[in-house]
Amino acid sequence: MPRYLQNVWIALLMFMGLAWLELGMGVTGSPVITAALAVFMLVLSVVFLLVFERKAFCRYACPVGRTLGFYSRLSPIAVRPQLQSTCDSCKTMECYHGSQLIEPCPSKLVVGRFSENTNCLSCGNCVLSCPSKNVSWQLRTMDNEAKKAGTPGWDAAWFMLLLLGITSFHGVTMIPQWGEWLQQTAAAIGETGQYYFSFVAGMLASSALPVLVYGIAIAAANVGGQGLTSYRKLFGGFAFTALPLAFAYHLAHNMDHLLREGGDVLRLLINPFGIGIKPLTSVERHDLMMQVVAPESVVFTLQAGFMVLGFWLAVQIARYQARRLMPGDGIAIRLKMMLPLLAFFAAITAGNLWLLAQDMEMRF
């Protein structure tokens, strides 16, 4: 694949485009359009497979693959070698080429030569094919990989930050106030009918707000660090802190969906094809959503727990990144550099907690 395309800008644009199609155009409400979109993604992946090598679509263009890839950097489980020296002396590389019984690595990775989970599919082929039994599943802390990582590329930094913005925006569109804001924006710009431009404006503003606040926090951190590290390096290095904040809200938001819609699982297992079932009205569907599997207090406690976990992980990653970006004994300088970031973490966490506390309007 050409070097100028070996980045995640395509995946970021597709990620934002899919968010607009889902939330702005409501394509998921139409089975036909949803199927057409799935076919389009399939055709696109096949084209990339025919033209480029090394799973280029999954590595650089797939919005789902890149989202999962970045989130996987927080995974508490990873495929790693038990002894690095065994991998260094290996000549046959069954983990890459496969064996007579085991398929090669689908992502073209060599165990012992990568330290990121980003492109690993966790298929386990390398675990099974290694003749030395040197590859295994290993437990680690969730911040293990992100806190040790170097400064990511500009594209990866923006993807992580906009992942945080769009994840929160998804929750914004499900609160009652969103409709009012949309109407006010449409009235201000004179838009009638479908509020396409108003939605785009709201989406861009809502998604960009966390990035803007982050940029201000980095500028303040640069001042606190006495300008010893460049703004661009700080912007990229601390971008990893957006991952746990986005992931925590993602889990907390979907926990509400899971516990509200979990009651349908048993009915689905009993009658998977929906034979003899009449479509529910919007009111009936809403009433069904209100029948939460667990008490509301349990749901809120779990959600708050996820948000606290995300905040704590962000602080740990920021602490290690500050030590990497500002080596030496400058503890006081590192502390001044981290204070604006702590304020950023607190603001994002508080904003997402506020979103979780609002009434959520279900989409049918």
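Debye sum, Cα scatterers, the stretch 150-357, no solvent: what log₁₀ I/I(0) at q = 0.10 1/Å?
-0.57
Evaluate 2.2 N^0.38 Å with N set to the residue count of the stretch 133-271, then give the Cα radius of gyration divided by it.
Here the Cα radius of gyration is 1.41 times the empirical estimate.
Where does each of D155, D143 land when they are ranked from fewest to most other beta-carbon atoms within 10 angstrom?
Placing the least packed residue first, the sequence is D155, D143.
How many angstrom lie between the C-alpha centres of the stretch 75-94 and the stretch 147-193?
Computed from Cα coordinates, the inter-centre distance equals 40 Å.
Tell me, what is the percent relative contact order of the stretch 150-357, built from C-alpha pairs under 8 Å that lie six or more residues apart?
31 percent
Going by how many other beta carbons lie within 10 Å of each one, how would you line up K278, K133, K336, fewest first?
K278, K133, K336
May I ask you to work out the translational diffusion coefficient for the stretch 30-75 at 25 °C, viscosity 0.890 mPa s, via Stokes-Einstein with Rh from the Kirkwood sum over Cα pairs, reported in whole µm²/s?
In µm²/s, the coefficient is 210.
Please work out the Kirkwood hydrodynamic radius for the stretch 3-61, using every pair of different C-alpha atoms, and report it in angstroms with one decimal place.
12.5 Å
Counting other beta carbons within 10 Å of each Cβ, put S136, S198 in order, fewest first.
Listing S136, S198 from fewest to most nearby Cβ atoms yields S136, S198.
Mean residue ellipticity at 222 nm from the helices of the chain, using -39,500 (n - 2.57) per DSSP H segment of n ≥ 4 over the full residue count, to the nearest 500 deg cm²/dmol?
The helix contribution divided over the chain gives -19500 deg cm²/dmol.
For the peptides 29-35, 268-274, 313-319, what is the packing order when you average, over each peptide's residues, the other Cβ atoms within 10 Å and list the highest mean first?
313-319, 29-35, 268-274
Taking R0 as 41 Å, what FRET efficiency do you get between Q100 and A36 from their Cβ-Cβ distance, rounded to the nearest 0.05?
About 0.50, to the nearest 0.05.
Cα convex hull of the stretch 77-139: mean projected area in nm², to one decimal?
Result: 3.8 nm².
Taking just the C-alpha trace of the stretch 14-123, give me its Rg and Dmax in Å.
For the stretch 14-123, the Cα-based Rg and Dmax read 17.6, 55 Å.
Calculate, in whole percent, how much of the Cα-Cα pair population of the chain lies beyond 41 Å.
Roughly 19 percent, rounded to a whole number.
Evaluate the relative contact order of the chain (contact order divided by residue number), counting alpha-carbon pairs under 8 angstrom at least 6 apart; express in whole percent.
That works out to 18 percent.
Project the alpha carbons of the stretch 121-199 onto their principal axes and report the range along each, largest first, in whole Å.
Extents along the principal axes: 69, 27, 20 Å.
Each reported figure results from applying straightforward, stated rules to the coordinates on display, with no laboratory input. Nothing here was measured: the structure is a model prediction, and the numbers come from that model. We place every Cβ from the backbone using ideal geometry, glycine too, and count neighbours over all the protein chains shown.
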